[in-house]
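The values are calculated or read from the model by the stated rules, or taken from the named source; none is laboratory data. Not measured: the values here are computed from a predicted model. Neighbour counts are summed over all protein chains in view; Cβ atoms, including those assigned to glycine, are modelled from backbone coordinates with ideal geometry. What goes into the accessible areas is simple: the full protein's heavy atoms, side chains included, and nothing from ligands, DNA or RNA. Shrake-Rupley method; radii C 1.70, N 1.55, O 1.52, S 1.80 Å.
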Amino acid sequence: MDEQSLFLRVAEQDREIVPFFVNGRPATALSGDTVLTALLTHDHEVRLSEILEQPRAGFCLMGACQDCWIWTEDGKRVRACSTMIEPDMRLRTRSPFNGARPE
Amino acid sequence: MSSSRVVIIGAGPAGTRAAETLVAAGLKPVVVDEAPRSGGQIYRRQPPGFGRSLKKLYGFEAGKAARLHDAFDRLQDKVDYRPGTMVWGTEGHNLHLADRDGRQDVIGFDALILATGAVDRIVPFEGWTMPGVYTLGGAQIALKYQACLIGRNVALVGSGPLLYLVAYQYRRAGGNLAGIFDTTPLSRELAGLPRMAANPANTAKGLYYFAWLAAHGVPMLHDVSPLRAEGEGRVARLVLRDRAGRERTFACDAIATGYHVQSETQLADLLGCDFAFDARAGQWLPRQDEMGRSSVDGVYLAGDGASVRGADTAEATGALAALACLQDQGMPFDAAVRNQALQAMRRGSAFAAALRDAFPFPEHLYENIADTTLLCRCEEVSVGTFRATLRDKGAGEVNRAKAFCRVGMGRCQGRMCGASAARIAAQTLGVELAAVGRLRGQAPVKPLPTALQTEAGE
Ligand SMILES: Cc1cc2nc3c(=O)[nH]c(=O)nc-3n(C[C@H](O)[C@H](O)[C@H](O)COP(=O)(O)OP(=O)(O)OC[C@H]3O[C@@H](n4cnc5c(N)ncnc54)[C@H](O)[C@@H]3O)c2cc1C
Ligand code: FES
């Protein structure tokens, strides 16, 4: 788990390792992680807000606030807190459409 | 009329007991729930492959969790269960469904039981959209559902029973707590104790968490006002005003915040149910009779989505709504079962009322929220812009204000800002809370992946 991660795992750590990609870089999660958990055990943000372009990292974790929608490389939208990580998922934390910022 | 189709939305405590009651009467209801497994919020199940015991997950509530999960699992082939499926809209007696991949379906109903539960109620403070700030419920889900803490040194700020429960669960899981910062004066909580005797077991649990946390040296302050979260791109400090009026700063890398929970009522709104302002809950709620009948024929309300009264009462009101549905369809039902559930519902309602009074919603915090604070995290509208809209554009109620400045128009449909928008509107306009109205629900009640696709492609 990276120093800069927001989330800290405290149990259930002997689950199967799931490889995935975030912004083209390889990373690993554990089977049963949500996409949000997979991202936040490495980093401390999952997207930029649409207008002020400020970092966000979800808020409610229960599908209510809608502040964790990210992208897959093929342009699909996923709500990170309520989508399970899958092997070789290719995720983007920045819009592949407009407002894309250099990574 | 045993061929009529009954649909239940929600498979938490309320939805589970409603389904069980209908199955016992020989019906085969459809049960739709957005979550991948039954259980609802409090008894949410961890994903397959996790191994923690029920005791570890649910603490004192382990027995109840096991009974509720078993009850649902026993219904397996007796209900038409649609997990991972959201109801996003309604049209007459039809419901619009979407699964995770955006696949759509429409199903009709003769009777509908809404058991949609609740979400955290939030009061914004400067920096509340920063990475590291989560709802109390979210902090709990991170632990229960993902075996993670939201940070290494967590500050908890807010009011209500969840504040101490989540603190206790985090500390028990080995987490460091920067402190528990309660906006309620301690005297107010203590004054509420005698009335909470309506449910001695729950009151004892609350006192136990409190005493345990104190004994473990967790810093606790009462009567505080959160001022701001500070940090560079993520939370590093929480600044608050203590009861003596001093500004105090606490280092932390995450903040969990919330003020009790509020009912999820959007679907009742779409279905045309009459609403009334509930002063104690501080929220507009669909009108209902004691059995959970709404103002619309064939639409019933149960659980925290009808009125927040906790998990035990949700089980009782789930059964009651199902019994009302049977009664209205002219089917036989056991009056003794109904009377028992009615009694449980009344006891639970009394306890919930006492809890609300002991942990009141901190209306006073709104007077001091700075204009620069974001009110709507979806549309990124500040408190100042909202206040100015009310003052300068003659918006006399929240839907007008929404049309002018987009507060409550975003993806969350006001779930996170609606309660605050109403209070700020009432204060700015100098009128009663009930007079500023409520944000109206709109389909889809939550965004569909496909709709977002179009939005982004434009
Ligand atoms: C985050 C959170 C944590 C909580 N933790 C505790 C706790 O630890 N202890 C405690 O005593 N109380 C807790 N509460 C209060 C507790 O949730 C309730 O008292 C209890 O769960 C209410 O049961 P219910 O059946 O009414 O609703 P819930 O248990 O909330 O179940 C509602 C179900 O409806 C589903 N649903 C909602 N809308 C839709 C839709 N449009 N389409 C499809 N499905 C939908 C949801 O997925 C959910 O599974 C918590 C509340 C929240 C919000
Ligand atoms: S974190 Fe709120 S919807 Fe995902």
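Give the range B:126-173 a look and list any residue that's outside any helix (DSSP H, G or I), open to solvent by 10 Å² or more (accessible area, probe 1.4 Å) and polar (S, T, N, Q), or say none.
If the condition is that a residue be outside any helix (DSSP H, G or I), open to solvent by 10 Å² or more (accessible area, probe 1.4 Å) and polar (S, T, N, Q), then B:T129, B:N153 are the ones that fit.
What's the number of the condition B:D269 fails, among (1) within 14 Å of chain A (Cβ to nearest Cβ); (2) out of contact with any strand residue (DSSP E or B) (no Cβ under 6 Å at 6 or more places or on another chain); (3) not in a loop (DSSP other than H, G, I, E, B)?
Here B:D269 meets the rest and fails (1).
Any idea which of A:G58, A:G32 is open to solvent by 10 Å² or more (accessible area, probe 1.4 Å), touching a Gly at 6+ places or on another chain (Cβ under 8 Å) and facing chain B (nearest Cβ under 9 Å)?
A:G32
Failed condition for A:E50, given (1) farther than 22 Å from B:G84 by Cα; (2) touching a Ser or Thr at 6+ places or on another chain (Cβ under 6 Å); (3) not aromatic (F, W, Y), with all others met?
It fails just one condition, (2).
Considering only the range A:61-80, how many residues are surrounded by fewer than 24 Cβ atoms within 10 Å (Cβ to Cβ), assigned to a loop (DSSP other than H, G, I, E, B) and within 6 Å of ligand 2 (Cβ to nearest atom)?
Matching residues across the range A:61-80 total 4.
Just checking, which of A:P87, A:P102, A:P96 is out of contact with any strand residue (DSSP E or B) (no Cβ under 9 Å at 6 or more places or on another chain) and either away from ligand 2 (no atom under 16 Å from the Cβ) or at pLDDT 95 or above (or both)?
On inspection, the qualifying residue turns out to be A:P102.
Take B:L213 and decide whether it is open to solvent by 60 Å² or more (accessible area, probe 1.4 Å), part of a helix (DSSP H, G or I) and of a type in the set (A, V, I, L, M). Give the derivation first.
Details: open to solvent by 60 Å² or more (accessible area, probe 1.4 Å): no; part of a helix (DSSP H, G or I): yes; of a type in the set (A, V, I, L, M): yes.
No.
Within the group B:G158, B:G89, B:G84, which residue is modelled with pLDDT of 95 or more and out of contact with any Pro (no Cβ under 6 Å at 6 or more places or on another chain)?
B:G158
Residues in the range B:42-58: is at least one under 27 Å from B:A201 (Cα atoms), under 24 Å from the mean Cα position of the chain (by Cα) and without any contact (Cβ under 8 Å) to a residue 12 or more places away in the chain?
For the range B:42-58, residues under 27 Å from B:A201 (Cα atoms), under 24 Å from the mean Cα position of the chain (by Cα) and without any contact (Cβ under 8 Å) to a residue 12 or more places away in the chain: present.
Take the residues of the range B:102-141 that are within 14 Å of another protein chain (Cβ to nearest Cβ), among the β-branched types (V, I, T) and over 19 Å from B:A167 (Cβ atoms): which is farthest from the chain's Cα centre (by Cα)?
B:T129
Matching residues to (1) small (G, A, S); (2) in the same structural domain as B:R45 (by TED's automatic domain parsing); (3) without any contact (Cβ under 8 Å) to a residue 24 or more places away in the chain:
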| site | (1), (2), (3) |
| --- | --- |
| B:S159 | yes, no, no |
| B:Y164 | no, no, no |
| B:A167 | yes, no, no |
| B:I180 | no, no, no |
| B:P200 | no, no, yes |
| B:Y209 | no, no, no |
| B:M220 | no, no, no |
| B:V224 | no, no, no |
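Could you grab me the full set of residues in the range B:216-258 that are over 24 Å from B:L355 (Cα atoms), in contact with a helix residue (DSSP H, G or I) (Cβ under 9 Å, 6 or more places away or on another chain) and assigned to a strand (DSSP E or B)? Before you say what the answer is, go through the steps one by one.
If we filter the range B:216-258 for residues that are over 24 Å from B:L355 (Cα atoms), which is where we start, we get B:216-217, B:227-241, B:244-254.
Subsequent filtering for residues that are in contact with a helix residue (DSSP H, G or I) (Cβ under 9 Å, 6 or more places away or on another chain) retains B:216, B:227, B:241, B:254.
Of everything in the range B:216-258, those that are over 24 Å from B:L355 (Cα atoms), in contact with a helix residue (DSSP H, G or I) (Cβ under 9 Å, 6 or more places away or on another chain) and assigned to a strand (DSSP E or B) turn out to be B:L227, B:R241, B:A254.
Answer yes or no as to whether B:V407 is of a type in the set (A, V, I, L, M, F, W, C), modelled with pLDDT of 90 or more, surrounded by fewer than 24 Cβ atoms within 10 Å (Cβ to Cβ) and not in a helix (DSSP H, G or I).
Against the criterion (of a type in the set (A, V, I, L, M, F, W, C), modelled with pLDDT of 90 or more, surrounded by fewer than 24 Cβ atoms within 10 Å (Cβ to Cβ) and not in a helix (DSSP H, G or I)), B:V407 does not qualify.
A:T83 - would you say it is within 16 Å of ligand 1 (Cβ to nearest atom), surrounded by 21 or more Cβ atoms within 10 Å (Cβ to Cβ), within 14 Å of the chain's Cα centre (by Cα) and in contact (Cβ under 8 Å) with a residue 24 or more places away in the chain?
In short, yes.
Pairs please, first residue from the range B:304-316 and within 14 Å of chain A (Cβ to nearest Cβ), second anywhere and within 16 Å of ligand 2 (Cβ to nearest atom), Cβ atoms under 7 Å, 6+ apart in sequence or on different chains.
Sorted first by the residue in the range B:304-316, then by its partner, the pairs are B:D304/B:G117; B:D304/B:A118; B:D304/B:V261; B:G305/B:T116; B:G305/B:G117; B:G305/B:A118; B:G305/B:E264.
In this structure, does B:L365 turn out to be open to solvent by 20 Å² or more (accessible area, probe 1.4 Å) and touching a residue at least 40 places away in the same chain (Cβ under 8 Å)?
Spelling it out, it is not the case that B:L365 is open to solvent by 20 Å² or more (accessible area, probe 1.4 Å) and touching a residue at least 40 places away in the same chain (Cβ under 8 Å).
Only residues that are among the small types (G, A, S) and open to solvent by 60 Å² or more (accessible area, probe 1.4 Å): list them for the range B:174-200, please.
Of everything in the range B:174-200, those that are among the small types (G, A, S) and open to solvent by 60 Å² or more (accessible area, probe 1.4 Å) turn out to be B:G174, B:S187, B:A191, B:A197.
Test A:R94 against the stated conditions and say whether it is part of a loop (DSSP other than H, G, I, E, B) and facing chain B (nearest Cβ under 10 Å). Give the derivation first.
Working: part of a loop (DSSP other than H, G, I, E, B): yes; facing chain B (nearest Cβ under 10 Å): no.
So A:R94 fails the test.
Need a quick list: strands (runs of 3 or more DSSP E) entirely within the range B:1-100 having at least 3 residues that are within 12 Å of ligand 1 (Cβ to nearest atom) and either within 14 Å of chain A (Cβ to nearest Cβ) or over 30 Å from B:A443 (Cα atoms) (or both). Please lay out each step first, then the result.
Working: elements: B:6-9, B:30-32, B:80-82, B:85-91, B:94-99.
Strands (runs of 3 or more DSSP E) meeting the threshold: B:85-91.
Does the range B:437-447 include one or more residues that are away from every other protein chain (no Cβ under 13 Å), farther than 30 Å from B:L97 by Cα, open to solvent by 20 Å² or more (accessible area, probe 1.4 Å) and touching a residue at least 12 places away in the same chain (Cβ under 8 Å)?
Within the range B:437-447, not a single residue is away from every other protein chain (no Cβ under 13 Å), farther than 30 Å from B:L97 by Cα, open to solvent by 20 Å² or more (accessible area, probe 1.4 Å) and touching a residue at least 12 places away in the same chain (Cβ under 8 Å).
Inside the range B:281-291, can you point out the residues that are in contact (Cβ under 8 Å) with a residue 60 or more places away in the chain and part of a loop (DSSP other than H, G, I, E, B)?
B:A281, B:G282
Looking only at the range B:101-125, count every residue that is part of a strand (DSSP E or B) and under 17 Å from B:L267 (Cα atoms) and tell me the total.
10
Yes or no: A:E12 open to solvent by 10 Å² or more (accessible area, probe 1.4 Å), more than 15 Å from the chain's Cα centre (by Cα) and more than 9 Å from chain B (Cβ to nearest Cβ)?
It is false that A:E12 is open to solvent by 10 Å² or more (accessible area, probe 1.4 Å), more than 15 Å from the chain's Cα centre (by Cα) and more than 9 Å from chain B (Cβ to nearest Cβ).
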